[in-house]
1. List every residue pair whose Cβ atoms lie under 8 Å apart, where the two residues are 6 or more positions apart in sequence or sit on different chains, the first residue falls within the stretch 140-157 and is farther than 15 Å from residue 226 by Cβ, and the second residue, located anywhere, is loosely packed, with under 12 Cβ neighbours inside 10 Å and polar (S, T, N, Q).
2. Please determine whether any residue of the stretch 97-104 is part of a loop (DSSP other than H, G, I, E, B), in contact with a Pro (Cβ under 8 Å, 6 or more places away or on another chain) and farther than 23 Å from residue 252 by Cα.
3. Would you please name the residue that is nearest to residue 243 (Cα to Cα), looking only at residues in the stretch 109-126 that are part of a loop (DSSP other than H, G, I, E, B) and not small (Gly, Ala, Ser)?
4. So residue 64 passes all but one of these: (1) acidic (Asp, Glu); (2) within 29 Å of residue 266 (Cα to Cα); (3) buried (at least 21 other Cβ atoms within 10 Å of the Cβ). Which condition number does it fail?
5. Give the residue, chosen from 240, 194, that is modelled with pLDDT of 95 or more, among the β-branched types (Val, Ile, Thr) and in a loop (DSSP other than H, G, I, E, B).
6. Cβ contacts < 6 Å: first residue aromatic (Phe, Trp, Tyr), restricted to the stretch 269-297; second residue at pLDDT 95 or above, any location; separation 6+ or different chain. Result?
7. Give the stretch 174-191 a look and list any residue that's touching a residue at least 60 places away in the same chain (Cβ under 8 Å) and either part of a helix (DSSP H, G or I) or among the acidic types (Asp, Glu) (or both), or say none.
8. Taking only the stretch 1-44 into account, find how many residues are in contact with a Phe, Trp or Tyr (Cβ under 9 Å, 6 or more places away or on another chain) and under 19 Å from residue 204 (Cα atoms).
Amino acid sequence: MHSRPVHVRRLHVQTGDRRRLRVEVAGDGGRVVVAHVGSPNAGRAFGRWLDDAAARDLTLVTYDRPGYGESTPQPGRTVANCASDLQAIAAAVGFDRCAVWGFSGGGPHALASAALAPDLVTAVATIGSPAPFDALGLDYFAGMSNEAREDIELQSSDRASWERMGADQRDQLLALGLDEFREAWSAGASPADVTTLQGDFGAWLHQVVHAGLAPGVEGWTADDLAFHSPWGFTPSSIAVPARLWHSRDDGFVPFGHGEWLADAIPGAERAFGETDGHLSVAGEQIGVVHEWLARHI
């Protein structure tokens, strides 16, 4: 691999229903990889992702999901809705094939892209992705923190109180300085994730959470509602090559979710680790993901 300067082009793409998506494109438009970021993040690429993509002659595309950053909210959206947004981005940027990966809350959206836009998407990878809330045979809450479980249960039992709590949580996140953010997100995290949060990735995550939530809580609310409602597609319908990264010590998304997805997606490859946590693959090892995807573009 070789290094080269990374130029990031920023643009606004109009969707078929006249919403606006903020998009970033790093590269010359060839061999495109689209990254679906986590929740509640703006779609700004981490520097290590840009450098690794450039060294592999890949064009890296990221975007703000509806309601985050500078993208128009889309109340009531499903996970499946992102496939048409990806098609709008492809048309505006000018590519007709791409590989996709999704990290954490971006995982379901990457899977939706692969399932619903197979003429565009050639391969899909996920890192620490949750499984569908209605996944048959999965104990969705097994290994989940009490706080996360209570949040989901409140969403189902008292939507108004849950939305008020979400707005308060947004305000609290925006008030956190970098050191406070690192400390808060380290609670219950694996040793690898605590280390990752102390480095450049933690500083980037702090920035993109702030950028994603700056206009309001709409994007975060829509993400959470979409994750815990029918996704609008089944992972078993994915027919392109798939590889799933998930760690047994993931303190954010239980390992059982990764196992369920790997069983559900035909032919899915498993990249299951013991001590990678939730953040370290995206923060420290993105090259292994890009290397695998590059074989399928």
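The values are calculated or read from the model by the stated rules, or taken from the named source; none is laboratory data. Source: prediction; values computed, not measured. Cβ coordinates were reconstructed from backbone atoms using ideal geometry, including for glycine residues, and neighbour counts include every protein chain displayed.
1. 154/161
2. Residues of the stretch 97-104 that are part of a loop (DSSP other than H, G, I, E, B), as a first pass: 97.
Subsequent filtering for residues that are in contact with a Pro (Cβ under 8 Å, 6 or more places away or on another chain) retains none.
The answer is no; no qualifying residue exists.
3. Within the stretch 109-126, the subset part of a loop (DSSP other than H, G, I, E, B) is 117-120.
Right, trim to not small (Gly, Ala, Ser) and you get 118-120.
On the way: 118: 16, 119: 19, 120: 18 Å.
The selected residue is 118.
4. (2)
5. Details: 194 fails: in a loop (DSSP other than H, G, I, E, B).
It is 240.
6. 272/246; 292/243
7. 191
8. 15
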